[in-house]
Ligand code: KIV
Ligand code: ZN
């Protein structure tokens, strides 16, 4: 078996996509996590492109010792010098230089003849060798390049000292079979190819980046350029977590290669990137999406409970997923509901209680797309009818950039109206403080997310909070076209669930269950 080198370009190709830019500190934090994940090469940026990129590469080069640190550089002396300078502190450094080889790029973008491009490619590689022995060359838009010209360029850059030759499908145009064939053709037509590693870099414009990368690996590529969550230019790059897990799960098929990725760090790495960029992956995203290990249909849940492998090809633990989350939705059966309740600690539910609960649950599932643990708990607890609900009656917020924000909140607690006021750091802070005063509690807000449920400035906002009440973690959700109201509702929701659970537990304890 040969090792597949994992070249991570989250901090370069990924970061250059709109909405994914990172500060120097964020890039360093991400690089440290990538080191934990066990990637072989971190492309930390494009040193000549900006001061920030230069600084980030330099910092990563100082702080990350477990991986090769790399900088991108056009086939220009200035870029290569900048890359060399930024990488100076690295224990192991690589310069990745590139120039386009496709007719369309050479004619319209570079305005160079193929001969000039060939000459530039060779001189760039030779120049980069003055800074490091580890030089990678990319033939940008390789897939749309004339094959004979591409073979000629690859052969020449290997002779000039490139240790890795990267074959990008820059515009995401290739189909897996064709891309795999290109790698096979390179192996058969480039006389000195055994002196270099063939790498691939696939874009996802047709949703084929992972499939193309895997096809290339099957045909002999031994390095893949990948990004966490598949971020990158336009539709992104091949997702690291997907390529790595495909190789691991299907080792019977990819039996020529292995990776040294610590797959249990995949989920954490994905989450860190989401937190840093503020851009979350879709719930159904393979490997790291919220639903990746969730089984909603009753028949699936029943199967999983009987024998996990009926519907699961990998374990949530293998990718560091917190736990196999069974989302309870309208297709869930009674088995799934009971199992979930047991996981949540409600083990003494009678058959009768379960039947009533299941009916209510189905009714709720018709109204609500996703049902969270707390919703099921709330349903169960509703059955008890003896816990207090606090309801929002009214709120008023005064805010602006020249005044201290203040809020008044009026709530109904168990039939009693309570009013409280507070100032705060912002309108939401002051509203939540006033609410806490009215409720007579202090929670610790552990997480707060807000998103729009649809398009338009008048869209509904959804707020989700996670609050720690006396060591009990409770989450709540609130929606409104007013984000302050959504925030207050979410906090109140979390509080009600906490209170209901507490009352239920106390009752069970007094009943001796
Ligand atoms: O997509 C591409 O071709 C690139 C190169 C610079 C490798 O990102
Ligand atoms: Zn790219």
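The values are calculated or read from the model by the stated rules, or taken from the named source; none is laboratory data. Treat the numbers as computed from the prediction; the structure is a model and nothing was measured. Here the Cβ positions follow ideal geometry from the backbone for every residue, glycine too, while neighbour counts run over all protein chains shown.
In this structure, residue 98 does not qualify as within 35 Å of the chain's Cα centre (by Cα), within 13 Å of residue 159 (Cα to Cα) and within 16 Å of ligand 2 (Cβ to nearest atom). The condition (being assigned to a helix (DSSP H, G or I) and either surrounded by fewer than 22 Cβ atoms within 10 Å (Cβ to Cβ) or in contact with a helix residue (DSSP H, G or I) (Cβ under 7 Å, 6 or more places away or on another chain) (or both)) is satisfied by just one residue among 69, 28: 28.
Exactly one residue among 293, 321, 254 is away from ligand 2 (no atom under 16 Å from the Cβ), crowded, with 20+ Cβ neighbours inside 10 Å and farther than 30 Å from residue 23 by Cβ, and that residue is 293. Regarding residue 91, is this residue over 28 Å from the mean Cα position of the chain (by Cα) and part of a loop (DSSP other than H, G, I, E, B)? Yes: the conditions hold for residue 91.
Here residue 1 fulfils each of the conditions (1) under 27 Å from residue 222 (Cα atoms); (2) modelled with pLDDT under 95; (3) within 16 Å of ligand 2 (Cβ to nearest atom); (4) out of contact with any helix residue (DSSP H, G or I) (no Cβ under 8 Å at 6 or more places or on another chain) apart from (3).
The condition of being in a loop (DSSP other than H, G, I, E, B) and under 21 Å from residue 9 (Cβ atoms) holds for only one of 247, 276, 287, that being 287. In region 22-44, the condition of being closer than 26 Å to residue 239 by Cβ, assigned by TED's automatic domain parsing to the domain that holds residue 240, more than 23 Å from the chain's Cα centre (by Cα) and within 16 Å of ligand 2 (Cβ to nearest atom) is met by no residue. Here residue 139 does not qualify as more than 12 Å from ligand 1 (Cβ to nearest atom) and modelled with pLDDT of 95 or more.
Residue 132 meets the conditions (1) under 37 Å from the mean Cα position of the chain (by Cα); (2) under 11 Å from residue 75 (Cα atoms); (3) away from ligand 1 (no atom under 13 Å from the Cβ) in every case but one. The failed one is (2). In region 194-233, which residues are more than 16 Å from ligand 1 (Cβ to nearest atom), in a helix (DSSP H, G or I) and on the phi > 0 side of the Ramachandran plot? Hit for region 194-233 is 229, nothing else. Just one residue in the set 220, 207 is within 18 Å of residue 289 (Cα to Cα) and either in contact with a strand residue (DSSP E or B) (Cβ under 8 Å, 6 or more places away or on another chain) or away from ligand 2 (no atom under 14 Å from the Cβ) (or both); that residue is 207.
Within region 411-435, the set of residues being surrounded by fewer than 18 Cβ atoms within 10 Å (Cβ to Cβ) and closer than 30 Å to residue 280 by Cα comprises 425, 426, 429.
For the condition in contact with a helix residue (DSSP H, G or I) (Cβ under 9 Å, 6 or more places away or on another chain) and assigned to a loop (DSSP other than H, G, I, E, B), residue 295 qualifies. Comparison of 118, 150 shows that the only residue that is in contact with a helix residue (DSSP H, G or I) (Cβ under 7 Å, 6 or more places away or on another chain), surrounded by 22 or more Cβ atoms within 10 Å (Cβ to Cβ) and either assigned to a helix (DSSP H, G or I) or not assigned by TED's automatic domain parsing to the domain that holds residue 195 (or both) is 150. Only one entry of 91, 51, 81 meets the criterion of being more than 30 Å from residue 257 (Cβ to Cβ), out of contact with any helix residue (DSSP H, G or I) (no Cβ under 6 Å at 6 or more places or on another chain) and surrounded by fewer than 17 Cβ atoms within 10 Å (Cβ to Cβ), and that entry is 51.
On the stretch given as region 153-180, residues that are assigned to a helix (DSSP H, G or I) and either more than 17 Å from residue 201 (Cβ to Cβ) or within 16 Å of ligand 1 (Cβ to nearest atom) (or both) total 10.
In this entry, residue 113 is excluded by the filter for residues that are in contact (Cβ under 8 Å) with a residue 12 or more places away in the chain and within 20 Å of residue 76 (Cβ to Cβ). Just to be sure before I move on: is residue 60 in contact (Cβ under 8 Å) with a residue 60 or more places away in the chain and more than 16 Å from ligand 1 (Cβ to nearest atom) in the structure I sent? So residue 60 does not fit the description; no.
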